[in-house]
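Below is one structure; the comments refer to it alone.
The values are calculated or read from the model by the stated rules, or taken from the named source; none is laboratory data. Not measured: the values here are computed from a predicted model. Positions of Cβ are backbone-derived with ideal geometry, glycine not excepted, and every protein chain shown enters the neighbour counts.
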Amino acid sequence: MGIAEELSALRSKALAAVEMADSLDTLESVRIAYLGKKGSLTAVLRGLGALSAEERPVVGQLSNEVRATVEAALADKRRSLQATARASRIAAEVVDVTLPGRVRMPGKSHVIHQVVDEIVETFVGLGYQVAEGPEVELDYYNFTALNHPPDHPARALQDTFYVRDLSGERAVVEGESDVLLRTHTSPVQVHIMETQKPPIYVLAPGKVFRRDVADPSHLPQFTQIEGLVVDEGITFGDLKGTLEHFVKRMFGEDRRVRLRPHFFPFTEPSAEVDVSCGICGGEGCRSCGGEGWLEILGCGMVDPKVFGHVGIDPERYTGFAFGMGAERIAALKYGIPDLRLFIEGDTRFLHQF
Amino acid sequence: MRVSLKWLSELIDVDLNVAALCDRLDMTGTKVEAVHATGAALDGVVVGQVLVKEPHPEADKLSYCTVDVGTDEPCSIVCGASNFKAGDKIPVALIGATLPNGMTIKRVKLRGLVSVGMMCSPTELAVGGDASGLLILPGDAPVGVPFGSYYGLSDTIIELEVTPNRPDCLSMAGVAREIGAVTGRPFRTPASVPDEDGTPAADLVSVRIEDPALCLRYTARIIRGVKVGPSPEWLVQRITAAGARPINNVVDVTNYILYELGQPLHAFDLATVGMAEGKSAIIVRTAREGERLTTLDGQERVLATDTLVIADPDGPVALAGVMGGEATEVSEKTVDVLLESACFDTSTTSRTSRRLGLISEASLRFERGVDPELATRAADRAAQLLAEVSGGTVAPGIVDVYPAPPVPLVLRLRGDRLREIVGAQIADDEAATILSALGMGLVPAEDGFDVTVPTFRPDVEREIDLIEEVVRVWGMERVPSTFPGGRERVGALTIAQRRDLVVGRALRAAGLDEHIGYAFADPRDMERLGWELGPDEVPVELINPMSEEQAVMRWTLAAGLLRVVSHNQRRGVSDVHIYELGNVFVTAAGRKQPKERLMAGGVLTGAWQRPAWNESARPLDFFDGKGAVEVLFAELGLDKVTFRASEHPWLQSGRSADVIVRGDVVGWIGEVAPQVLDAYGATGPVTLFELGVKPLGKAGNVERGYAEIPRYPAVNLDIALVVEESVTAGQLMQAMASAGGKLLDDVRLFDVYRDPDDASAEQRRLPVGKKSLAFSLSYRSNERTLTDEDVRPVHEKLVVKVCRATGGEIRG
């Protein structure tokens, strides 16, 4: 048998062996048997050197063809065996996708702080900065500088928490102490205006305290957000536009806003701001007490007397201020029936928002 | 302020329906808090006419009547009264009506005859005291109309929220004036001129004011020969609608004038007021040390020396502006009345009323400000009314002490300033119309008006107050909405504020929920926790706490967090992992305001989640808390943090550590000591930590620079070191860090092994009292791929140094 026939026979045998292989391992042994260092096809190729110069190119070409054919067959078979193996592995790895996932919940921000953060974001977007002040305040900042007369009822012991003053000073106002837990965030206004020249655009969120028994609609400690703008040419219309923008962003574009004249000692003119009831749309229902409106904040133009306390010229500068309770806004926004939930720390509540 | 619309209609013709009126009041600054319909109690009672009256065949005292009640068919009623005849108009309660006494009218059979209603007496309808017979109505009473509206019982009461700056709206006349101004309708001011006779008042009474700053005006009128008794029905209806209880005709008249004009009045029994120089002598003065007065409510009160009293020569007879005294009270025996109509200082009244816990309709008005000009007008009207309802005679003249009548304030309103502040084009003449309607006098000036403020508007003191008046009536809803146009503003958070946000975000990422707790604490928390404040530090004490449990300000977040654990556990929630960012407070002798420190606290107990099909619920312990804290430090860019074993009374010994940053203790972490868990009713293990946010922020670096990502692979080598129990992981890692040189990139502890306590000698794999810690060490260069030859000498040197430093041995 000539070498050409030998090659031909090897090709047939090799291709048959490849075809027979039923696993990647047997396929590999087929490859080694024919194309390995000691493989039968390799041995034939090695014998090429002994051929005559006329035979060599012909046989050489043939042997390359055989080798290429076998290699291609090996590759094809490998791909097909790999595909089969993968398919069976995939079949074995099927899961019930309705089984629950492995959950590690991130912690939740308190709903009050979510509300505060949203408000802060809105006003930072309007060019405001954020300010803080002490929670234990002096009567001067909480009342006097905000134009509360000395006998203002809010100063009474039944409304405001007073703190033991260890400085040895005798208090002017309540007889015992002029150090108190701030009853609103408005004293931050005074601190800001004492230390900063206009233009002033600030928002001051923080804890405030009033002597109310904790019940579904009262807490002795709650969260207020104060806003203050002092600049040249600030108008009541600016206040109105700013608060309308805020309320619509907070509660939705479809809600209506109204400013109702009111009285606060440190703003003039003053107003309360109502938002149309989200449940009845302003028709009047149980949730808004039949009024169609829900009161959400107080505001007004900074009273010239307040400017007087901090040395800002009220003829040159005007300003507005507003304040709102985060608990009330959160309660309205999420329909929370009892304010005490905010402060008790029941994790089933904290997780909801 | 309760406003009867029926009463109001005598003072102003309002051309709006109730809803529109309320809306207009809301939008001009007088909020309507509630609207009630009254007279509804007599629903089902109508005016009827007796058509036929026959004796009842079975009963002498009853009659059988046919009564027209305005329906197609007259009805049959059996009646026991005898004071009527056929043709009389009477009130008839129809089937289903419920009378004020609670009786509901039903169809009944009386001695065999059916009765389908009841004819009523004044008592049955609660409109009078006569129970002897039916209420016979005038002949022109319209048959079939509801009795309540015919008899004037139906009314609408609107409750107004009058803001503290508007004392002028605490009267019917004031409300009428306000409504007139906001609706553009004319209003009527009630006034009377008394018919006077007899000895002039000035001969009967003298008045002296000791301190005119505390009493701006005091007037006295005398009404003689009164007969004290019940008030007529119209008067009772009026004061009842306003919210008062009828007492007697004299007191009721003073209340009537208080509600009608806003002038508090007081009636003294003239005979009980002490005399001086032949006259009853009224002295307005402050109380003397130790003086006492028994007030109308029967309480004896010790008076402070700044309390303003009405006195006679023998001593105080009334608390000025707050409450009268028992001894001079008008009674059935009273014949002559001294009527006080005065104006007392706002602060003095408010202090007295608050100190004595006495809030009256009078004190409410005086502490907000009563118009001194009103005193005589109110006295005249009250005197005349009193004479009418009590049959008395008004003594001629009024004793009026008015040391310094106020000069009306004149304010300039600049039109341009008005428009600048409001941001709306309000024309000068529109502003003028509004102010005039509010009772202000206007004179044009070059840039606006000079406005004379009436004395009943003490709140209007400055131009800005006039602007407020204009804009509230002109309409805030008409002001165009704009945004401030300031050019020099930038909205941003400060670095400290962003740091606080990072703290919260990191702790939430670590799995903790945010809590906001009370800033109050229980002073007994000190003992429960075994806490000791720093030298000289004391808790911040509240003078008027709500309760003993909230009597001080918290000096740590720990107690509040433990209370949350217990609150949840009591409700069956065992997995609690929360944090709080909040201030704690301490003070010291000599300090006015306390120190406020922002702290981050956390508490962990239970598990991260409930056990699931593919995970168990691993109980949280010290290292979960420490892990959360480590996440926080990583996020704050803090790397040089050490945890040093420490002892704190509220933490379990051996499971607590101080957290040290750059040599300073910035906080602590540990598992809560068993006795502390008991004190708070919590079940452990509970891990608690508290860190000062400011020192963390200072040491941390939220805005750090770029560090190159490793380009070459690391060579990882593991070693297990056998050391004495007393050697800590921290010491080993410290030793490795200092021995590893530049190439040591990372050290990771991956196993801690101890022989079990009950292991036998053969089972033991370590010498007694030792433990094995296994570390994976990564060596890496930034310049090239390291070979074994590079690393081996470094690693061998490290092993030798670490063993020498810690007494450890390589585990074979």
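Couple of notes before you dig in:
- The residues of the range A:53-98 that are more than 27 Å from residue A:18 (Cβ to Cβ) and assigned to a helix (DSSP H, G or I), listed by number, are A:55, A:56, A:57.
- Residues of the range A:134-146 satisfying the condition of being crowded, with 19+ Cβ neighbours inside 10 Å and not aliphatic (A, V, I, L, M): A:134, A:135, A:137, A:139, A:141, A:142, A:143, A:144
- Subset of the range B:563-581 [surrounded by 22 or more Cβ atoms within 10 Å (Cβ to Cβ) and either facing chain A (nearest Cβ under 7 Å) or touching a Leu at 6+ places or on another chain (Cβ under 7 Å) (or both)]: B:564, B:568, B:576, B:577, B:578, B:579, B:580
- Condition met for residue B:14 (modelled with pLDDT of 90 or more and surrounded by 14 or more Cβ atoms within 10 Å (Cβ to Cβ)): no
- Cross-chain or 6+ apart pairs with Cβ under 8 Å, the range B:749-764 first and of a type in the set (Ser, Thr, Tyr), then part of a loop (DSSP other than H, G, I, E, B): B:753/B:765; B:753/B:766
- Residue list for the range B:40-65, filter: in contact (Cβ under 8 Å) with a residue 60 or more places away in the chain and in contact with a Leu (Cβ under 7 Å, 6 or more places away or on another chain): B:42, B:44, B:45, B:46, B:47
- Applying the criterion of being in contact (Cβ under 8 Å) with a residue 60 or more places away in the chain and at the interface with chain B (Cβ under 8 Å from one of its Cβ atoms) to the residues of the range A:133-157, the residue that is farthest from residue A:229 (Cα to Cα) is A:149.
- Tally of residues being within 30 Å of residue A:255 (Cα to Cα) and buried (at least 20 other Cβ atoms within 10 Å of the Cβ) across the range A:292-317: 10
- Subset of the range B:608-623 that is of a type in the set (A, V, I, L, M, F, W, C) and out of contact with any helix residue (DSSP H, G or I) (no Cβ under 9 Å at 6 or more places or on another chain) - its residue that is nearest to residue A:103 (Cα to Cα): B:612
- Unique residue being part of a helix (DSSP H, G or I), under 30 Å from residue A:344 (Cα atoms) and either of a type outside the set (A, V, I, L, M, F, W, C) or at pLDDT 95 or above (or both) when the list is B:501, B:562: B:562
- Condition broken by residue A:230, with the remaining ones in (1) crowded, with 23+ Cβ neighbours inside 10 Å; (2) at pLDDT below 95 satisfied: (2)
- With respect to the conditions (1) assigned to a helix (DSSP H, G or I); (2) under 14 Å from residue B:715 (Cα atoms); (3) in contact with a Lys or Arg (Cβ under 9 Å, 6 or more places away or on another chain), residue B:776 lacks only one, and its number is (1).
- Restricting the range A:259-289 to residues that are under 31 Å from the mean Cα position of the chain (by Cα) and crowded, with 19+ Cβ neighbours inside 10 Å, the residue that is nearest to residue B:458 (Cα to Cα) is A:272.
- Screening residue A:321 with (1) within 29 Å of the chain's Cα centre (by Cα); (2) within 11 Å of chain B (Cβ to nearest Cβ); (3) of a type in the set (Gly, Ala, Ser) gives one miss only, at (2).
- Against the test of being within 12 Å of chain A (Cβ to nearest Cβ), of a type in the set (A, V, I, L, M, F, W, C) and either within 30 Å of residue A:124 (Cα to Cα) or touching a Pro at 6+ places or on another chain (Cβ under 8 Å) (or both), the options B:507, B:533, B:529 yield a single qualifying residue, B:507.
- Options A:253, A:283: the member that is without any contact (Cβ under 8 Å) to a residue 60 or more places away in the chain, touching a Cys at 6+ places or on another chain (Cβ under 9 Å), more than 9 Å from chain B (Cβ to nearest Cβ) and not in a strand (DSSP E or B): A:283
- In this structure, residue B:747 does satisfy being among the hydrophobic types (A, V, I, L, M, F, W, C) and not assigned by TED's automatic domain parsing to the domain that holds residue B:562.
- Answer residue from the range B:604-624, given it is among the polar types (S, T, N, Q) and under 16 Å from residue B:578 (Cα atoms) and is nearest to the other protein chains (Cβ to nearest Cβ) among those: B:609
- None of B:469, B:420 is within 10 Å of chain A (Cβ to nearest Cβ), closer than 16 Å to residue B:181 by Cα and at pLDDT 95 or above except B:469.
- Residue in the range A:97-120 that is nearest to the other protein chains (Cβ to nearest Cβ), counting only those that are surrounded by fewer than 19 Cβ atoms within 10 Å (Cβ to Cβ) and β-branched (Val, Ile, Thr): A:103
- Some residue of the range B:269-289 being without any contact (Cβ under 8 Å) to a residue 60 or more places away in the chain and of a type in the set (D, E, K, R): yes
- Which listed residue is out of contact with any Pro (no Cβ under 7 Å at 6 or more places or on another chain), surrounded by 15 or more Cβ atoms within 10 Å (Cβ to Cβ) and polar (S, T, N, Q), from A:52, A:63: A:63
- Of all residues making up the range B:325-352, the number that are part of a helix (DSSP H, G or I) and either in contact (Cβ under 8 Å) with a residue 40 or more places away in the chain or crowded, with 22+ Cβ neighbours inside 10 Å (or both): 5
- Pair list, Cβ < 8 Å and 6+ apart or interchain, from the range B:477-500 residues that are facing chain A (nearest Cβ under 7 Å) to residues that are part of a helix (DSSP H, G or I) and loosely packed, with under 12 Cβ neighbours inside 10 Å: B:491/A:125
- Restricting B:254, B:240 to those that are free of Cβ contacts under 8 Å to residues at least 24 places away in the same chain and assigned by TED's automatic domain parsing to the domain that holds residue B:391 reduces the list to B:240.
- Test for residue B:622: is it crowded, with 19+ Cβ neighbours inside 10 Å and touching a Lys or Arg at 6+ places or on another chain (Cβ under 9 Å): yes
- Residue ranges of strands (runs of 3 or more DSSP E) in the range B:1-91 with at least 1 members under 30 Å from residue B:466 (Cβ atoms) and out of contact with any helix residue (DSSP H, G or I) (no Cβ under 9 Å at 6 or more places or on another chain): B:31-38
- Summed over the range B:430-465, the residues that are within 10 Å of chain A (Cβ to nearest Cβ) and hydrophobic (A, V, I, L, M, F, W, C) give a count of 1.
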